[in-house]
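The values are calculated or read from the model by the stated rules, or taken from the named source; none is laboratory data. Computed from a prediction, not measured in an experiment: that's the story for all the values here. Here the Cβ positions follow ideal geometry from the backbone for every residue, glycine too, while neighbour counts run over all protein chains shown.
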Amino acid sequence: MRISVIGKGRVATHLSKALLSFGHDVVMCGGRTRIRPVPEDTELLILSVNDDAIAQVSQEFAESAALVVHTSGSVPMDAIASPRRGVLYPMQTFSLDRDVDFRKVPLFLEASDEADLNLLCQLAATMSDTWMPMNGEQRKAMHLAAVLCCNFVNHLFELSHDVVAEHGIPFSTLYPLIEETFAKIRTLTPHQAQTGPALRGDRKVMQSHESMLHDPKRRDIYRLLSESIRETFGGLSV
């Protein structure tokens, strides 16, 4: 297939590199301001732009014969103006300075007709060991789950980093705990793996922790998460 990619961010960069590494014919056209035009013989056009820009950028290709897809987890497929439209959503966290093994990146696929869905499935099979068709509602749920378990958890890593750094302790001392936390949920459900003072209802420890968090917003985060844990396990509000 002749594939063109519009976008210059993290997803576009990693996806383009992966397509090239797996032997696909890829033209990287740049972002909303093109560094090169989209070739007329493009068969698959991938819009890897900000969610808010998908509908607008797709208008440029409303008459295109190519299959036009976006890479968003939360934007409906119908945001694309082209009659042949779809979604190729790689569910992974990407950073420009870190390589990703695309074979381990789940790809979730949607298309406006069965033939184009089959085409996306064939493409995905060349890139990843995990891929599946997924409708828009399922994909939105998957994206929400991804934000909770990745973006929010990473923010908690940052808060943890600040706490130990304030006391001159390297963040690396937390690596074994972090690694075991993630290892456990491969054999236990998150519910079974839960530990800590909120689960035990240890109010003295929780109050001490809150007093160490000088930023009121961070205290609120600690308190809200503790309350959620207690409620999940049938305990009283902390």
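If you go through region 183-193 one residue at a time, how many are assigned to a loop (DSSP other than H, G, I, E, B) and loosely packed, with under 11 Cβ neighbours inside 10 Å? Adding up the residues that qualify gives 3.
Could you please let me know if residue 82 is in a loop (DSSP other than H, G, I, E, B) and touching a strand residue (DSSP E or B) at 6+ places or on another chain (Cβ under 9 Å)? Here the answer is yes, as residue 82 does meet what is asked. Residue selection: residue 91 satisfies the criterion of being at pLDDT 95 or above and within 20 Å of residue 182 (Cβ to Cβ).
Of everything in region 101-155 that is out of contact with any strand residue (DSSP E or B) (no Cβ under 8 Å at 6 or more places or on another chain) and in a loop (DSSP other than H, G, I, E, B), the residue that is surrounded by the fewest Cβ atoms within 10 Å (Cβ to Cβ) is 101.
For the list (1) surrounded by 11 or more Cβ atoms within 10 Å (Cβ to Cβ); (2) at negative phi, I need the number of the one condition that residue 196 fails. For residue 196, the failing item is (2). Considering region 8-34, the residues that are in contact (Cβ under 8 Å) with a residue 12 or more places away in the chain and β-branched (Val, Ile, Thr) include one that is surrounded by the most Cβ atoms within 10 Å (Cβ to Cβ), namely 26. Looking at region 199-216 only, could you name the residues that are more than 21 Å from residue 158 (Cβ to Cβ) and surrounded by 11 or more Cβ atoms within 10 Å (Cβ to Cβ)? The answer is 199, 200, 201, 202, 203, 205, 207, 208. Listed by first and then second residue, the pairs with beta-carbon distance under 7 Å, at least 6 apart or on different chains, first residue in region 79-90 and within 15 Å of residue 6 (Cα to Cα), second buried (at least 21 other Cβ atoms within 10 Å of the Cβ) and of a type in the set (Lys, Arg), are 87/139; 89/139.
Checking each residue in region 7-37 for being of a type in the set (A, V, I, L, M) and more than 19 Å from the chain's Cα centre (by Cα) picks out 20, 26, 27, 28, 35. Note on region 91-122: residues that are more than 14 Å from the chain's Cα centre (by Cα) and either over 17 Å from residue 11 (Cα atoms) or without any contact (Cβ under 8 Å) to a residue 40 or more places away in the chain (or both) amount to 19.
In region 188-204, the condition of being touching a residue at least 40 places away in the same chain (Cβ under 8 Å) and not assigned by TED's automatic domain parsing to the domain that holds residue 95 is met by at least one residue. Quick check: anything in region 217-231 in contact with a Phe, Trp or Tyr (Cβ under 8 Å, 6 or more places away or on another chain) and surrounded by 15 or more Cβ atoms within 10 Å (Cβ to Cβ)? Within region 217-231, not a single residue is in contact with a Phe, Trp or Tyr (Cβ under 8 Å, 6 or more places away or on another chain) and surrounded by 15 or more Cβ atoms within 10 Å (Cβ to Cβ). Of all the numbered requirements in (1) outside any strand (DSSP E or B); (2) within 18 Å of residue 143 (Cα to Cα), residue 36 misses one, and that requirement is (2).
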